[in-house]
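The values are calculated or read from the model by the stated rules, or taken from the named source; none is laboratory data. On a predicted model such as this, the values are computed, not experimentally measured, just so you know. In this analysis, Cβ positions are derived from the backbone assuming ideal geometry, glycine residues included, and neighbour counts consider all displayed protein chains.
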C-alpha cells in the first residue's frame, strides 16, 4: 500500500495573514468599550494653568483653541453675557431682519449689473461717483435733490458686496477698497454741508457737520482698532446706514420746507448717537480683551 502524500503546507506569511483576519473578525463585535474619560470632549480637560476644568470658560488664552463649539468660541458667549453684546451688535436703529430685507431687494439688481459686465470694484466706484454728484448738489443748496441722489447712492452702496458674494469674488482688497471709499464719500458729504453752511453764514450747522464727520470717523476707527486686537466690534446704535438715513431725512426736510434747522437737528442727533456708538464699542472691546485673558 502506497504511503499517503505529505500534506501541503502553506507559507508562514499566509498563516500569519489568516490569523490576523480571524482575529479581526472575532474582535469586531467584542471590542473593548472606551473609558468614560475618553468620551469627554477635549475642551473639558483640566486647564494646564490652574488645573481646573475651566478651559470651557476661556479664562486663559492657551486653552482657547480647545473650546470651540460649532465654530463659535465660548469666550464670545461669555462676552455677550457680561456686556450685553446683543445690544451692541443688534441694538442699532435697523434690526438684522430689516438689513437682510434691504440686501434681498438689491440682490437682483446686483446680479443684473453683474451680467452686464460690472465687477464689484466697478460698482464701488459708481456708488462713490453718485455720492460726489450729491455732494455738488448739497454745496449749491439743492438739498432735496441731494437727498434723492443720496437715496440712490445708499441703495447702490451695498450692491458691490452683494455681487461679490453672489459671484464668489470676495477679496480682501475689495473689502478694503469699499471701506476706504465709504469713508471718503462720508467726508465729501459733510464737506459739502460745511461749504453750504458757510455760504449761508450758519456757523452752528458748520460746527455740527464737522463734529458729525469727526465722531463718525471715530466710530470706524474704534472698530478697525478692535479688529487689530482680535475683537470684532460690529454694530452699535448708529452705524453708517443709520447715520446716512438720518442725514437724508434732514436734507429732505430742510430742502422741502426751506428751514435749515431741520438739517441742524439731524446733524445734532447724528453727533449724539455716534458718540454713544463709540462708547458702546469701546466697552465691548474692553470686556472682550478682559474675557480672553489679555490685559485690558
Fill in the blank from the handout: Within the range 245-264, the count of residues that are out of contact with any helix residue (DSSP H, G or I) (no Cβ under 7 Å at 6 or more places or on another chain) and either buried (at least 18 other Cβ atoms within 10 Å of the Cβ) or touching a residue at least 60 places away in the same chain (Cβ under 8 Å) (or both) comes to 1
Handout entry: Among (1) closer than 25 Å to residue 158 by Cβ; (2) within 18 Å of the chain's Cα centre (by Cα); (3) in a helix (DSSP H, G or I) - the single one residue 237 does not satisfy
Key = (3)
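In the list 289, 256, 263, which residue meets the criterion of being in a helix (DSSP H, G or I), out of contact with any strand residue (DSSP E or B) (no Cβ under 8 Å at 6 or more places or on another chain) and within 23 Å of residue 235 (Cα to Cα)?
Result: 289 is the single residue among 289, 256, 263 that is in a helix (DSSP H, G or I), out of contact with any strand residue (DSSP E or B) (no Cβ under 8 Å at 6 or more places or on another chain) and within 23 Å of residue 235 (Cα to Cα).
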Exercise for the section: Say whether the condition of being surrounded by fewer than 18 Cβ atoms within 10 Å (Cβ to Cβ), touching a residue at least 60 places away in the same chain (Cβ under 8 Å) and more than 22 Å from the chain's Cα centre (by Cα) is met by at least one residue in the range 98-106. Expected result: no
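On the given criteria, is residue 270 closer than 24 Å to residue 157 by Cα and surrounded by fewer than 23 Cβ atoms within 10 Å (Cβ to Cβ)?
In short, no.
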Fill in the blank from the handout: Checking 222, 231 in turn, the sole residue that is farther than 19 Å from residue 135 by Cα, within 19 Å of the chain's Cα centre (by Cα), assigned to a helix (DSSP H, G or I) and touching a residue at least 40 places away in the same chain (Cβ under 8 Å) turns out to be 222
Completion exercise
Within the range 107-128, the residues that are closer than 21 Å to residue 177 by Cα and either touching a residue at least 60 places away in the same chain (Cβ under 8 Å) or out of contact with any helix residue (DSSP H, G or I) (no Cβ under 9 Å at 6 or more places or on another chain) (or both) are 117
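Every residue, every condition in (1) in contact with a strand residue (DSSP E or B) (Cβ under 9 Å, 6 or more places away or on another chain); (2) farther than 25 Å from residue 108 by Cα; (3) buried (at least 17 other Cβ atoms within 10 Å of the Cβ), yes or no:
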{"site": "127", "(1), (2), (3)": "no, no, yes"}
{"site": "135", "(1), (2), (3)": "no, yes, yes"}
{"site": "140", "(1), (2), (3)": "no, yes, no"}
{"site": "143", "(1), (2), (3)": "no, yes, yes"}
{"site": "149", "(1), (2), (3)": "no, no, yes"}
{"site": "159", "(1), (2), (3)": "no, no, yes"}
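For the range 115-179, give me every one of the helices (runs of 4 or more DSSP H) that falls completely inside it and has 2 or more residues that are within 30 Å of residue 199 (Cα to Cα). Let's see the steps before the verdict.
Values: elements: 120-139, 143-157, 159-166.
Ranges flagged: 120-139, 143-157.
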Practice task
Just give me the residues in the range 161-192 being closer than 14 Å to residue 110 by Cα and surrounded by 21 or more Cβ atoms within 10 Å (Cβ to Cβ), in sequence order.
Solution key: 162, 163, 164
Practice task
Kindly indicate whether any position in the range 195-203 is touching a residue at least 60 places away in the same chain (Cβ under 8 Å) and under 22 Å from the mean Cα position of the chain (by Cα).
Solution key: no
Exercise for the section: Could you check how many residues of the range 190-219 are in a loop (DSSP other than H, G, I, E, B) and at pLDDT 95 or above? Expected result: 0
